[in-house]
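The next block holds one structure in the form of structure tokens; read it before the comments.
Please treat every number below as a calculation from the coordinates, not as lab data. Note that this is a predicted model, so its numbers are computed, not measured. Cβ placement follows ideal geometry from the backbone for every residue including glycine, while neighbour counts extend to all protein chains displayed.
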Amino acid sequence: KPLTVGITGGIGSGKTTVAKIFSILGVPIYFADDRAKWLMGNDPILISKIKESFGEESFSESGELNRKYLAEKVFADTEKTKQINALVHPAVGKDFEVWVALQNAPYVLKEAALLFETGSYKQLDQVINVSAPLKLRVSRVLMRDPQRTEKQINDIIDKQLPDEEKNEKADFVIKNTENKLLIPQVLKIHQALKTKADSGQI
Ligand code: ATP
């Protein structure tokens with residue numbers, strides 16, 4: 001079984017960009033946030049649980065997830081956020097385990113925005129945090145998603161663990177401030193993880 005490694009980072013830190021560099025090196029990547037969205041629309045057990053807790057309106061008549069309805073219901077309400085997470089996270093956890101068992105590699109990556117916040121890091125052997133200064137992160141997101149406001153981005157940041165705390169909890173930190181420094185950091189961690197996997201250190 002491959003070593004399981006989480007890759008996380010606050011909004012705009014560049015975790016997806018970094019994950020894609022690992023992917024070029026041949027590392028299998030599980031994009032947990034994308035997969036969660038997919039499961040919410042396609043996993044029959046999860047779908048029935050969502051309908052039970054959030055109403056039939058959570059899905060359209062044609063069976064598509066009503067993201068707008070759910071987002072409005074959930075985002076401003078911490079209890080409801082907990083409730084939906086309690087449904088989605090175990091489904092993603094199981095789906096991840098099945099996926100890992102199918103991979104043939106020394107280690108695999110699980111990319112997710114909230115690995116520490118949700119506790120799902122406990123399921124992983126190692127964690128990488130992608131770190132960048134707050135201002136730079138906000139400006140990257142504004143460039144990438146021009147429809148978003150600074151207030152919306154700050155609301156998301158408020159729900160995420162501060163970067164410093166994530167850096168402390170992580171086994172590896174990638175500082176994503178300058179493009180040219182990114183690949184050497186990735187290569188170093190790639191080597192370290194391969195060595196760990198080979199030696200069965202974890
Ligand atoms: P989110 O949590 O919103 O999904 P993320 O952490 O996955 O964000 P990315 O989508 O990888 O972040 O990066 C945010 C934006 O910043 C993207 O448009 C990406 O191309 C850009 N970016 C990331 N790293 C760098 C870099 N080193 N130099 C220049 N642009 C970068």
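Remarks
- Net charge in the neighbourhood of Gln126 (other residues with Cβ under 10 Å of its Cβ; Lys, Arg +1, Asp, Glu -1) is -1.
- Dividing the convex hull volume of the alpha-carbon atoms in the range 76-195 by its residue count gives 136 Å³ per residue.
- The chain shape via C-alpha gyration tensor axes, a/c threshold 1.5: oblate
- Taking a ≥ b ≥ c as the square roots of the eigenvalues of the Cα gyration tensor, the range 40-102 is classed as oblate, since a/c reaches at least 1.5 and a/b does not exceed b/c.
- Over 31 Å apart at the Cα level, from the set Lys15/Lys196; Lys80/Lys169; Lys1/Lys73, are Lys1/Lys73.
- Each helix, a run of at least 4 DSSP H residues, gives -39500 (n - 2.57); summed and divided by the residues of the chain, these come to -17500 deg cm²/dmol at 222 nm.
- The residues packed around Ile7, meaning those with a beta-carbon under 12 Å from its beta-carbon, carry a net charge of +1 if Lys and Arg are +1 and Asp and Glu are -1.
- Looking at the range 97-202, the GluC sites (Glu not before Pro) that sit in a DSSP loop and have at most 15 other Cβ atoms within 10 Å of their own Cβ are Glu178.
- Derived scalar couplings between HN and Hα for the range 11-28 equal 4, x, 5, x, 5, 5, 4, 5, 4, 5, 5, 4, 4, 5, 7, x, 7, x Hz in order, rounded to whole Hz, by the Karplus curve 6.51 cos²θ - 1.76 cosθ + 1.60 (θ = phi - 60°), x for Gly and Pro.
- Within the listed set Gly26, Gly14, Gly93, the residue fluctuating most in the Gaussian network model of the chain (springs between alpha-carbon atoms under 10 angstrom) is Gly26.
- C-alpha long axis of helix 32-42 to longest principal axis of the chain, angle in °: 30 degrees
- Under-5 Å amide H pairs with Val127, H placed in peptide plane, nonlocal only: Gly6, Asp171, Phe172
- Neighbour counts of other Cβ atoms within 10 Å put Asp125, Asp198 in the fewest-to-most order Asp198, Asp125.
- Phi-derived couplings, Karplus 6.51 cos²θ - 1.76 cosθ + 1.60 at θ = phi - 60°, listed residue by residue for the range 58-66: 5, 10, 6, 4, 7, x, 8, 4, 8 Hz, with x used for Gly and Pro.
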